[in-house]
Amino acid sequence: MSGRFVPFAAPHVPPDEALARARAFREQLATRRSLRHFSDAPVERAVIEELVRAAASAPSGAHKQPWTFVAVADPALKRRIRAAAEHEEKLSYGARMSDEWRRDLAPLGTTWEKPFLETAPWLVVLFKQEHGVAPDGTTRKHYYVNESVGIAAGFLIAAVHAAGLVTLTHTPSPMGFLAELLGRPRHEKAFLLLPIGHPAHDAEVPDLARKPLDEVLIVHEAAGS
Ligand code: IYR
């Protein structure tokens, strides 16, 4: 049985504008940075809702949309999340990480301390649904869950940037405490935690370079073209 089809509403971009549009978008994305220093300036709930709508427009395996976004602005809950994250991170930085891992993180200046989990006005926790649940309670298969949720996370990060806000792709490890604190069911696993807000007025970011195109792109064009 085939699904219902509707005409594709093609975007109104003349083909000869593709390069200019691609460059403009790339230049806008190039100014995005992961931030660890947030201001406590508020962000309206309506903004967060638009950002999550953008993220949830991502493609997914068999269109199962295997994600749940939990947006937290409640200071008491943010405090509990920070305490649990710092508990895990203290163990990680203290003993769980390898020497190589610690050396790799040194240029980023990260530590077990995560004040941004309380300072940022919103924490959005992205959960992956390992399977679906039908109305009668039986399970439904989900496909390519990590790929799907990873793409949704990318959309979310790009949407945050387009809104003039900042975020951090944060992975307190292990993340099991998030499902517990946020009351998520067993088939949902925390995938990423993204604080969202405005940067602190004195925010700094590490001086990092992105790999040049010739290090990340290999092209096979038709011979002779
Ligand atoms: N989850 C820890 C450690 C960490 C790991 C990687 I890989 C990073 O790119 C950054 C941090 C933390 O959030 O500090």
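Each residue in the range 61-87 was checked for being outside any helix (DSSP H, G or I) and acidic (Asp, Glu), and 1 pass.
Of note, Ala58 does not satisfy the criterion of being farther than 27 Å from Glu147 by Cα, surrounded by 14 or more Cβ atoms within 10 Å (Cβ to Cβ) and aliphatic (A, V, I, L, M). Within the range 88-102, residues that are in a helix (DSSP H, G or I) have Cβ atoms under 6 Å from residues that are surrounded by 14 or more Cβ atoms within 10 Å (Cβ to Cβ) in these pairs: Glu88/Pro172; Glu89/Trp112; Glu89/Pro172; Lys90/Trp112; Tyr93/Trp112, counting only partners at least 6 apart in sequence or on another chain. Residues that are assigned to a helix (DSSP H, G or I), touching a helix residue (DSSP H, G or I) at 6+ places or on another chain (Cβ under 8 Å) and buried (at least 16 other Cβ atoms within 10 Å of the Cβ) within the range 113-163 comprise Leu117, Glu118, Val145, Ser148, Ala152, Ala153, Phe155, Leu156, Ala158, Ala159, Val160, His161, listed in sequence order. Just to be sure, is Thr139 within 16 Å of the ligand (Cβ to nearest atom), polar (S, T, N, Q) and in contact (Cβ under 8 Å) with a residue 12 or more places away in the chain? No, not satisfied.
With respect to being farther than 27 Å from Ala134 by Cβ, more than 16 Å from the ligand (Cβ to nearest atom) and hydrophobic (A, V, I, L, M, F, W, C), Ala162 fits the description. Kindly check whether there is at least one residue in the range 166-182 that is within 18 Å of Trp122 (Cβ to Cβ), away from the ligand (no atom under 16 Å from the Cβ) and part of a loop (DSSP other than H, G, I, E, B). Within the range 166-182, not a single residue is within 18 Å of Trp122 (Cβ to Cβ), away from the ligand (no atom under 16 Å from the Cβ) and part of a loop (DSSP other than H, G, I, E, B).
A quick yes/no check of all residues on (1) of a type in the set (A, V, I, L, M, F, W, C); (2) out of contact with any His (no Cβ under 8 Å at 6 or more places or on another chain):
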position: Ala158; (1), (2): yes, yes
position: Val166; (1), (2): yes, no
position: Thr169; (1), (2): no, yes
position: Pro172; (1), (2): no, yes
position: Ala179; (1), (2): yes, yes
position: Gly183; (1), (2): no, yes
position: Pro195; (1), (2): no, no
position: Pro212; (1), (2): no, yes
position: Val216; (1), (2): yes, yes
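Criterion applied to Glu118, Glu188, Glu113 was being acidic (Asp, Glu) and more than 16 Å from the ligand (Cβ to nearest atom), and the one residue passing it is Glu188. Among the residues of the range 88-102 satisfying the criterion of being surrounded by fewer than 13 Cβ atoms within 10 Å (Cβ to Cβ) and within 27 Å of Pro199 (Cβ to Cβ), which is nearest to the ligand (Cβ to nearest atom)? Here the residue is Trp101. The selection criterion, being free of Cβ contacts under 8 Å to residues at least 60 places away in the same chain and either surrounded by 14 or more Cβ atoms within 10 Å (Cβ to Cβ) or farther than 29 Å from Val47 by Cβ (or both), does not hold for Val205.
Only the coordinates and a few stated rules stand behind these numbers; no lab work does. What you see is a predicted model, and the numbers here were worked out from it, not measured in a lab. Counting neighbours? That spans all protein chains shown, and the Cβs are built from the backbone with ideal geometry, glycine included.
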